[in-house]
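Values in this text are rule-based calculations from the coordinates and carry no lab data. Bear in mind the structure is a predicted one, so any value in this text is a computation, not a measurement. Methodologically, a virtual Cβ is constructed for each residue, glycine included, from the backbone with ideal geometry; neighbour enumeration extends over all protein chains shown.
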Amino acid sequence: MTGSGESMSSEYQNIAGEREAECRERANFFDERLRFFSKTNWITVLVPSLLGVLAGSALFSDSGSVWIGLGALAAALLTAVHKGLDCDTHQVECRRLVQAYRGLETRYRTLRQIESSDIAEELRALDAELAELRQSQAATVNPQWFKSKEDDT
């Protein structure tokens, strides 16, 4: 390639680099969310189970029924929060998005790094997949959570 063809290819590679960075940022965002939710699962899933067991075992002791009631109430509230926020579904969606964005990130990186005679078509195809992923995304994202490269300079 020479002249404007080389310049055009360079422009496409720059676009691929920008999309690669965007996909990496989004994958990192959802990965961080998953790490946070895995910690909160200890509170909203494991603790209610333990409280339920403790409340159930208190039935067979001479202790006051107040503790049984408080344990059962706390367990029910934590379980309701977990179910009400649909945490399991959200985490499954976050896992799907991390995988999808990591895959696109790798494909954009490859497109950026290699010489390809049909880079424009390959970039269009990847952009169509990225647009489809954004439309299918069920996990909510505030666009301000992602910084563009211009904001960093």
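Points to keep in mind about this one:
- When peptides 130-136, 18-24, 110-116 are sorted by average Cβ neighbour count within 10 Å, with the highest value leading, the order is 18-24, 110-116, 130-136.
- Highest-first arrangement of 99-105, 9-15, where packing means the average Cβ count within 10 Å: 99-105, 9-15
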